[in-house]
Amino acid sequence: MKNISKQRAPFVMPELPYAHDALAPHISAETIDYHYGKHLQGYINNLNTLVQGSGFENADLKEILKSSSGALFNNAAQVWNHTLYFSQLSPTPQSRPQSILGAAIGRDFGSYEAFVEQFTKSALSLFGSGWTWLVADKSGRLSIENTSNAAIPVTDGKNPLMVIDVWEHAYYIDHRNLRAESVKAFWNILDWRVAQQRY
Ligand code: MN
């Protein structure tokens, strides 16, 4: 996917690096049809409408995220969040973090297994809609963060490495109310290569 942060209006849908049915059974084609095809498309459409007359007509997405508020911020952030989310999934993922990121996870969480447990706990404890992130601070130190609704962790200078969408729309088709099942499925399709590239 192209660097979404540098895009300007009119915003276009990021291309998916896999077919809609490629992540099954972990994420179904129907979920991708709705989550990517309807929800993300909706945020893109709203963003293109809201940016008109806002003073941000010529700004790139990063500038909009930094300086806007209200509905414009919410839709811009959801475009950014979903682009990061969809682009890190793969039917042929690197299933465990390697090299520098793998070592940093060991250093900051004790082990990969301990990280998965802590991240899962965080995702399950998030009340309502939001996102659970693995982020790095400027020194490379890792932490897990929850954000509500459309909020993004970069607003306080953190670099997001990977993220899970825990809005109900991300899992209700496949798992109904069972968020824990969707978090469990997520680990099978998360490509740690992409997280490493972002580190
Ligand atoms: Mn979503």
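Here are some notes:
- Accessible area per residue for the chain is 48 Å², calculated with a 1.4 Å probe on protein heavy atoms, without ligands, DNA or RNA.
- When the alpha-carbon atoms of the chain are used, the pair Rg, Dmax equals 16.3, 50 angstrom.
- Applying the Karplus relation 6.51 cos²θ - 1.76 cosθ + 1.60 with θ = phi - 60° to the stretch 94-108 yields 3J(HN,Hα) values of 7, 7, 9, x, 10, 6, 4, 5, x, 5, 5, 5, x, 5, 8 Hz, where x marks Gly and Pro.
- Put simply, the stretch 73-164 fits an ellipsoid with semi-axes of 22, 15, 14 Å; these come from the alpha carbon gyration tensor as the roots of five times its eigenvalues, largest first.
- Amide H contacts for G130 (H built 1.01 Å from N in the peptide plane; partners 5 or more residues away or on another chain; cut-off under 5 Å): N149, V166, W167.
- Relative contact order, percent, the stretch 99-198 [alpha-carbon distance under 8 Å, six or more residues apart]: 23
- The stretch 110-142 and the stretch 1-46 have Cα centres separated by 23 Å.
- Once both labels are positioned 7 Å from their Cα atoms along Cα-to-Cβ, the gap between R141 and A180 label points is 3.2 nm.
- Fraction of accessible area attributable to carbon and sulfur, the chain (%, probe 1.4 Å): 50
- All other residues whose Cβ lies under 11 angstrom from that of I64 are scored, Lys and Arg at +1 and Asp and Glu at -1, for a net of 0.
- Springs between Cα atoms under 10 Å define the GNM used for the chain, and in it the highest mean-square fluctuation of S69, S129, S99 occurs at S99.
- The stretch 7-112 shape via C-alpha gyration tensor axes, a/c threshold 1.5: oblate
- Helix-only mean residue ellipticity at 222 nm for the chain, each DSSP H run of n ≥ 4 adding -39500 (n - 2.57), per residue, nearest 500: -12500 deg cm²/dmol
- Top positive-direction residue, dipole computed over the chain with Cβ charges, set L142, F186, I64: L142
- Gain upon complete extension [S67, S129; 0.36 nm per residue less C-alpha separation]: 20.0 nm
- The stretch 74-98 and the stretch 153-199: distance between their alpha carbon centers, rounded to Å: 7
- The alpha carbons of the stretch 123-199 stretch over 39, 25, 16 Å along the principal axes, in descending order.
- Its Cα centre serving as origin, the chain has a Cβ charge dipole (Lys and Arg +1, Asp and Glu -1) of approximately 460 debye.
- Within the full protein context, the accessible area of W80 is estimated at about 20 Å² for a probe radius of 1.4 Å.
- Dipole of the stretch 99-198, positive end: most advanced residue of H169, S129, G102 [Cβ charges, Cα centre]: G102
- Residues A114 and Y172, FRET efficiency given R0 of 22 Å [Cβ-Cβ distance, rounded to 0.05]: 0.15
- Karplus (6.51, -1.76, 1.60) ³J(HN,Hα), θ = phi - 60°, over the stretch 129-143, in Hz, Gly and Pro reported as x: 9, x, 9, 10, 10, 9, 10, 10, 7, 5, 8, x, 6, 9, 8
The values are calculated or read from the model by the stated rules, or taken from the named source; none is laboratory data. If you're wondering where the values come from, they're calculated on a predicted model, not measured in any experiment. Positions of Cβ are generated from backbone atoms using ideal geometry, with glycine treated the same way; all protein chains shown enter the neighbour counts. Just so you know, the surface numbers come from the protein's heavy atoms only, side chains and all, with ligands and any DNA or RNA stripped out. Shrake-Rupley method; radii C 1.70, N 1.55, O 1.52, S 1.80 Å.
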